[in-house]
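Participant: Provided herewith is a single structure, encoded as structure tokens, for subsequent inquiry.
The values are calculated or read from the model by the stated rules, or taken from the named source; none is laboratory data. What you see is a predicted model; the values in this text were computed from it and never measured. Note: ideal-geometry Cβ built from the backbone for every residue, glycine included; neighbour counts use all protein chains shown. Just so you know, the surface numbers come from the protein's heavy atoms only, side chains and all, with ligands and any DNA or RNA stripped out. Shrake-Rupley method; radii C 1.70, N 1.55, O 1.52, S 1.80 Å.
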Amino acid sequence: MHNYDRHNNQQEKSDVVSYVTDNLKKRNIRPDSLVSRSWERSVLEHGLNPDISTDVEILTPQELQSQIERHQSYLQIARNGLNGLAKRINPANYAVLLTDEIGVTLDARLPKNTAQDWINSGLRIGSVWTERNNGTNGIGTCLVEKQSLIIHRGEHFFDGNSNMSCAVSPIFEPTGELMGCLNASCLGFNDDKQHQYLTLQMVMMFSRMIENTFFKQSYHNQIRLNIRKTSFLSDLAYEQLIAVDEDGEMIGANRAAFNDYDGLLQHDKKIIGCNVSEITGLNLEQILSQSNGGAADIKLNSPLLQEEIEITLYAPSGKITVPHSRIQTKLNSSIHSHKHPSLEQLAGNDLTVQSNVNQIKNVINKDIPVLITGETGTGKEAFARAIHDASDRASGPFVALNCAAIPESLIESELFGYRSGSFTGANRKGMKGKLELANGGTIFLDEIGDMPVQLQTRLLRALAEREIIPLGATTPIKLDIQIISATHQNLFDRIKEKLFREDFYYRLNGMSLQLPPLRERTDKDFIIRSILDNELGGASSVSFTPQAEQILYSHQWPGNIRQLANVLRFAIAMSEDRHITLESLPIELRSGKQFDIGSQSAPAPIDPEAHKDTSLSSFIGEEEGKKLLDSLRKYKWNITHVSDELGVCRSTIYRKMRKYGIKQPNDVF
């Protein structure tokens, strides 16, 4: 039976290859191996037919805003690369798109004179380009192959997309995970594919810039090495960036480092987790010594690359062992290279917030814990970071922990850390907890109201005694930290419900800072201008029609400043020449809907036991909810697998679950 199945699979594969070859031949395409692989996946794995095209999925404004909010840090950095590339190629009638890791277009820069043509072609903010739904295409295939590529005209799986030529490059996190991609597309490009290679090189260059900036932001408080091959000193594409811990173990790297070292290390090891000595031949202490703590570059022969390299060391304050005034100046500028809003900037022109800031200034550096309360989106973390930056601890770490985002079973190890062998599945070298990582700086405990009661007891003791004992350890670690916590919940109600310890509340609440909701602030104009200046290219280049301006000022903003920022991003993306009209705004603002989830009536939840034998033959019509439930049960509520089976993005699955009142049971496993 096994041999028979294998024979059938081989025959099916052979038939698909012939089918793909014939279809591409009809289009006069001589595909490279990458395009052939993608076409074969489109037919064999995704069941697509090149003669029956499917429309590009477009997220609703609510779904899009949710995705934008989820990718805030990525967008803030990547927009510089997006704008830089667009500035150079928009005049040549190229559209530039930035996507996330599943193909959702988070931002775009379209040529002004032909913007509607691009929107009609599905190249717009909110479009979802995947190989699963759209067959071979620039964005979707790039995300699958995880390499830079060109999909030119008829190489697209669906003939309806054959007027496009797309040059795309993936964007990776410093841990090697995919973040998204940068895409440059043109319509009606009649030249040969090779004429797109220069465009691809520009796209690759700007995607590398985004990655390198993301790396530097992510590890600004870690020891970093910039390694360059002396044969390519002037080529940024070969600049290897590596972050290491105090033992010289590599914890992050850019793509150039991954490309050069993965595959060369012994026993097929990956670069993350290896020691810097395996690349340089020197341990971290030797590098610190020979570079005089970063004051001088080092040239040596790499035992791994078998060629000469040049190393520059960057180390934040407190991480170096060689004192030098010039080094300290350099380190301080590195630590503060990423500017966050100051307390004065956050205060704006609102008298209530200004009064709060004046009170904060009186308690800074007095070892008084601060409790920040306010609705979601009012800027609690921004205020916490500003307090840290205004204190004597500014050069120390700022460590944030969202108590609501971590499973209850993991939050204790996240806070207190653990030593090697503490429990099954633990890192063999152990892990420092957030409290230990924050030593000398500030710990920000966000959504503290969601912390389990039993953990409140242990944290209360740690804060009172100013020391912790990691899991599996016997020796306590002294703590020197500023405590800032935040919540959107009413903690007095939680105390009455026995869900929050009263003594823990008073330990955290040395000073209470209540942030007003945006609808109550008197300085909306200041806030709008600040968002435009700090995140969206400047307020001076943006104009509003009276109708649009009136809506922005009168809306109730249940999502507060976070929602306002997302709306402004969306409006600018949909506007012509950064002139925001009524039509530029999301539909819920234009219709006057506030989307107060608490006031909406949900349909009765589906009984999980009521529908066990419905098929998954389609995902439409009156049976939609039951078929969704069947798939969720089949894959034990794994949303990614359900998304793959039903052929829709994960955000759509969540939206449908809300629509039908489907909730995950507690005993799935």
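Participant: At 1.4 Å probe size, what's the solvent-accessible area of residue 403? Round to the nearest 10 Å².
Facilitator: Using a 1.4 Å probe on the heavy atoms, I get roughly 10 Å².
Participant: Can you compute the label reach from residue 28? Point 7 Å from Cα along the Cβ direction, backbone N cut-off under 17 Å, restricted to region 156-180.
Facilitator: 156, 159, 162-165
Participant: Residue separation times 0.36 nm, minus the C-alpha to C-alpha distance between residue 577 and residue 490: what's the value?
Facilitator: Values: separation 87, 0.36 × 87 = 31.32 nm, distance 4.41 nm.
This chain segment gains 26.9 nm when fully extended.
Participant: Right, something else. In the structure displayed, which of 626/656; 146/229; 380/524; 432/478; 636/656; 380/434 lie more than 21 Å apart, Cα to Cα?
Facilitator: On the way: 626/656 11 Å; 146/229 25 Å; 380/524 17 Å; 432/478 13 Å; 636/656 17 Å; 380/434 19 Å.
Check vs 21 Å cut-off fails for 146/229.
Participant: For region 89-119 and region 134-207, compute the distance between their C-alpha centroids and round to whole Å.
Facilitator: 12 Å
Participant: Using modelled amide H (1.01 Å from N, peptide plane; none on Pro or chain starts), what sits under 5 Å from the amide H of residue 482, excluding residues fewer than 5 places away?
Facilitator: Correct list: 441, 442, 443.
Participant: With the Cα gyration tensor of region 156-203 giving a ≥ b ≥ c as the square roots of its eigenvalues, does the rule (a/c under 1.5 for rounded; else a/b larger than b/c for prolate; else oblate) give rounded, prolate or oblate?
Facilitator: Values: a/c = 3.49, a/b = 1.81, b/c = 1.93.
Oblate.
Participant: How high is the FRET efficiency between residue 467 and residue 146 when r is their beta carbon distance and R₀ equals 51 Å, given to the nearest 0.05? Mind showing how you got there, number by number?
Facilitator: Values: r = 45 Å, r/R0 = 0.88.
That pair, residue 467 with residue 146, gives E of 0.70.
Participant: Averaging sequence separations of C-alpha pairs under 8 Å and six or more residues apart, then dividing by the length of region 505-598, give the relative contact order as a whole percent.
Facilitator: Values: 75 pairs, mean separation 25.9, N = 94.
Averaging sequence separation for qualifying contacts and normalising by length gives 28 percent for region 505-598.
Participant: Given a cut-off of under 8 Å on Cα pairs at least six residues apart, what relative contact order in percent is computed for region 124-209? Let's see the in-between values first.
Facilitator: Working: 152 pairs, mean separation 20.9, N = 86.
Reported relative contact order: 24 percent.
Participant: In square angstrom, rounded to the nearest 10, how much accessible surface does residue 205 have for a 1.4 Å probe?
Facilitator: So the heavy atoms of residue 205 present about 90 Å² to solvent.
Participant: What residues qualify as long-range amide H neighbours of residue 173, i.e. H under 5 Å apart, gap of 5 or more or another chain, H built at 1.01 Å from N?
Facilitator: Excluding prolines and chain starts, which carry no amide H, the hits are 178, 179.
Participant: Quick one: Karplus J couplings for region 158-163, per residue in order, coefficients 6.51, -1.76, 1.60, θ = phi - 60°, nearest Hz, x for Gly and Pro?
Facilitator: 8, 4, x, 9, 6, 8
Participant: When all protein chains stay in place, what accessible area (Å², nearest 10, 1.4 Å probe) is found for residue 204?
Facilitator: 50 Å²
Participant: Which percent of Cα-Cα pairs in region 32-86 sits in each 10 Å bin, short to long?
Facilitator: Whole-percent P(r) values from 0 Å outward: 18, 24, 27, 30, 0.
Participant: Here is a further query. Which length gain, in nm to one decimal place, applies between residue 14 and residue 545 when the Cα-Cα distance is subtracted from 0.36 nm times their residue separation?
Facilitator: 185.2 nm
Participant: Okay, next question. Compute the label zone of residue 511 within region 342-366: residues whose backbone N is under 17 Å from the point 7 Å along Cα-to-Cβ.
Facilitator: In region 342-366, the label zone of residue 511 (backbone N under 17 Å from the point 7 Å along Cα→Cβ) covers 342-348, 352-366.
Participant: Another one. Given the peptides 496-506, 364-374, arrange them by the average over their residues of other C-beta atoms within 10 Å, most packed first. The partial results should precede the final answer.
Facilitator: Numbers: 496-506: 14.8, 364-374: 17.3.
In descending order of packing, they fall as 364-374, 496-506.
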